[in-house]
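J.: Below you'll find the structure I mean.
The values are calculated or read from the model by the stated rules, or taken from the named source; none is laboratory data. Here the structure is a predicted model, which is why all the values come from computation and not from measurement. Note that each Cβ is placed from the backbone with ideal geometry, even for glycine, and that neighbours are counted across all protein chains shown.
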Amino acid sequence: MSSAEPKQAFGTNAATPDDLVPRDLPLDIFAPIEIIPARMNRRSFFRPFACCLLAFSLGSQASGDPSGQLHSQRVFKVGVLVSLTGSGFSLGRSTVAALQIAEEQIEAEAIRQHGGYRFQFFVRDTQQNPSKALEAIQDLDKRGVQIIIGPQTSSEVRMIKPYADAHNILVISQGSTASSLSIAGDNIFRLCPDDTLEAAAIVALMSNDGILHIVPLWRNDAGNNGLHDSVEAQFKVLLGTTVTSGFRYEPSTTDFSRATTEIAAQINDLISQNTNPSTIAVYLAAFDEVVDIFTAAHSLGAPLSTTKWYGSDGVALSAALIGDATAAAFAASVDYPNPIFGLPDSLQSEWQPISDAIEARTGIKPDAFALSTYDGLFVIQRALEDVGDLKNFAAFKAAFVSEADAYQGITGSLALNSAGDRANGDFDFWAVRLENGSYGWVRIGSYANGSLSLF
């Protein structure tokens, strides 16, 4: 585990069936935690469990058992495709914790009512690798899994989409934003808005800051390509000014000297044309490789260190970034606000206890992407209650859409648009700041209903 990864709380004696465990991963990352549930009308109480990271199988159920033990099994398999190691681990680990907490509350309610549905998770570490995601869904299909939560990235979703559509597997991604995947009628559903809404938020902030020229730097994958394209298009429409060619790097890149040198040269070209440096910004669409990018940028110094940077949801709240002193210091020095699908302030009393519980288990402050999976499991539960089982996949799929449209969770309305993506598009802006001698993420503004607010 690198120094960039968050501190972890380790539990003891966590037992996990071998067939659920990806190799070479720890079984006891999450310590037991007790939490008071949010909405009491749908979850009566919560009791602590010694949870392992990768998977757990919960008991069976029966009606009217005075001992509270449930005998007749009603357990549904759910695949979880996330990044637990490498880039993207912040969202991956938070997602697993969110699902565990939701399942524990569902089980507690089932015990209290002597009924209900329960879930067995099959967690796979895809490391944001599309090929690993495809291998995982193929393996899970053989195990009879028809519901998948994740994967996190659009490249992975694009890779598994044909297989999911052909094999009656419902895929519910919490992190994919590429508008190219906004397709009506397929088996892909997304619990977050697509990239066109995020682009509107970041361009509004750039406009407010007086930015007239952007130099883009972005990762070559479906999600970040989509963000780059949407930001470029909306920036040109709104401001009618310059977007340079920028630099697109491959996901396998580890040496960012060429990328940062090229970006610096394009900034200098603008300045040489008598462009006011305060109107120039770098737009970065990336994942946790931001640590290496900022280390390289720090080494180069000006103009990269004197130009304002803007980021994307793939980095917002990244534990890897604030865990590296050099990269975090650079991020704070260039402002670097990152938009991310936001949590409603009006529902803080509902999402804050869940957020705190996830952070206690993982050492990671979860974002709305992770918390949306907590809501998503309850929507799945309700859809299963509507249809009874998964024998009629079309009926279950329709029930999922219907229940999502009606559901108000800790992250707000889960209503979907015609393409099966989350319809609302409110965003928070987070930036790295030095507070009390250490770097952390600070919420600096929001974009809600087309209106920008800065704190």
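J.: Suppose we keep only residues that are modelled with pLDDT under 90 and not polar (S, T, N, Q) within the range 221-247. Which one would you say is surrounded by the most Cβ atoms within 10 Å (Cβ to Cβ)?
T.: Going through the qualifying residues, I end up with Leu239.
J.: May I ask you to verify whether Pro193 is crowded, with 22+ Cβ neighbours inside 10 Å and out of contact with any helix residue (DSSP H, G or I) (no Cβ under 9 Å at 6 or more places or on another chain)?
T.: yes
J.: Quick test for you: out of Asp195, Asp221, pick the one residue that is among the charged types (D, E, K, R) and without any contact (Cβ under 8 Å) to a residue 60 or more places away in the chain.
T.: Being among the charged types (D, E, K, R) and without any contact (Cβ under 8 Å) to a residue 60 or more places away in the chain holds for just one of Asp195, Asp221, which is Asp195.
J.: Could you grab me the full set of residues in the range 94-138 that are farther than 26 Å from Arg382 by Cβ and either surrounded by fewer than 20 Cβ atoms within 10 Å (Cβ to Cβ) or not small (Gly, Ala, Ser) (or both)?
T.: The answer is Asp125, Thr126, Gln127, Gln128, Asn129, Pro130, Ser131, Lys132, Leu134, Glu135, Gln138.
J.: Still on this structure, please answer the following. Condition first: within 22 Å of Gln128 (Cα to Cα) and not polar (S, T, N, Q). Now tell me which residues in the range 187-209 satisfy that.
T.: Ile188, Phe189, Arg190, Leu191, Cys192, Pro193, Asp194, Asp195, Glu198 - these are the residues of the range 187-209 that are within 22 Å of Gln128 (Cα to Cα) and not polar (S, T, N, Q).
J.: Can you find a residue that is of a type in the set (Gly, Ala, Ser) and either touching a Cys at 6+ places or on another chain (Cβ under 7 Å) or outside the structural domain of Val80 (by TED's automatic domain parsing) (or both) anywhere in the range 362-372?
T.: Yes.
J.: Being under 29 Å from Val315 (Cβ atoms), touching a residue at least 40 places away in the same chain (Cβ under 8 Å) and either surrounded by fewer than 21 Cβ atoms within 10 Å (Cβ to Cβ) or outside the structural domain of Val401 (by TED's automatic domain parsing) (or both) narrows it down to one of Thr85, Thr153, Thr177, so name that one.
T.: Just one listed residue meets the conditions, Thr85.
J.: Can you tell me which residue within the range 439-451, out of those that are assigned to a strand (DSSP E or B) and in contact (Cβ under 8 Å) with a residue 40 or more places away in the chain, is farthest from Tyr336 (Cα to Cα)?
T.: Ala448
J.: Would you check which residues across the range 248-291 are aromatic (Phe, Trp, Tyr), crowded, with 23+ Cβ neighbours inside 10 Å and part of a strand (DSSP E or B) and list them?
T.: Tyr283, the sole residue that qualifies.
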